[in-house]
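The values are calculated or read from the model by the stated rules, or taken from the named source; none is laboratory data. Since this is a predicted model, take the numbers as computed values, not measurements. Quick note on the areas: whole protein, heavy atoms, side chains included, nothing else; ligands and nucleic acids left out. Shrake-Rupley method; radii C 1.70, N 1.55, O 1.52, S 1.80 Å.
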Amino acid sequence: QVHVVESGGGLVQAGGSLRLSCAASGRIRSINLMGWYRLAPGKPLELVAIITTGSDTNYADSAKGRFTISRDNAKNTVYLQMNSLKPEDTAVYYCTANIWAVSGTYFKSYWGQGTPVTVSS
């Protein structure tokens, strides 16, 4: 069985920073794409950033210059460093990973349960 668990959310003042972590665990054969999405009240799910196994990255325009995604392949972990946070960054942040489980036949998308981020003005 495979699990994806986020951590690091919380309450921060505008201009502050947070670092989110997401670890995949279980019987894993391989992980390729990992990323972060967010869901804010009244808004659709938004891709924040994604990263490949080779650390190629892509960011939403709203995240460029403020957020940095990185990963540790040895630990099956992806991080999201968020700086210069704004109230509009308030959302539940979800981690996703394309994982080939030992019991599986190919890559499948797994999601965490989400970690809330609240940025106060």
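Points worth noting:
- Sequence-distant lysines (8 or more away, or on other chains) whose Cα lies within less than 24 Å of LYS108: LYS75
- Converting phi to 3J(HN,Hα) with the Karplus coefficients 6.51, -1.76 and 1.60 and the offset θ = phi - 60°, the range 55-72 yields 6, 6, 10, 9, 10, 5, 4, 5, 9, 4, x, 10, 10, 9, 9, 8, 8, 10 Hz in sequence order, with x at every glycine or proline.
- Solvent exposure of the chain, expressed per residue, is 53 Å² of accessible area, with all protein chains present and a 1.4 angstrom probe.
- To put it simply, the accessible area of the chain at a 1.4 Å probe is 50 percent carbon and sulfur.
- Both radii were evaluated on the Cα set of the range 1-74; the Rg over Rh quotient, with Rh as the Kirkwood radius, amounts to 0.98.
- Amide H to amide H distances under 5 Å link LYS86 with GLY15, where only residues 5 or more positions off or on other chains count and H is placed in the peptide plane.
- Scaled radius of gyration (Cα, divided by 2.2 N^0.38 Å) that the range 45-121 gives: 1.21
- Phi-based couplings in Hz for the range 83-90 (Karplus 6.51, -1.76, 1.60; Gly and Pro marked x): 10, 6, 5, 10, x, 6, 7, 4
- Interatomic Cα distance distribution for the range 49-94, bins of 10 angstrom, percent: 24, 54, 21, 1
- Amide H contacts for PHE107 (H built 1.01 Å from N in the peptide plane; partners 5 or more residues away or on another chain; cut-off under 5 Å): none found.
- Here LYS86 is the anchor, and the lysines within straight C-alpha reach of less than 22 Å, apart from those fewer than 8 places off in the same chain, are LYS43, LYS64.
- Bridge type composition, the chain - antiparallel percent by DSSP, nearest 5: 90
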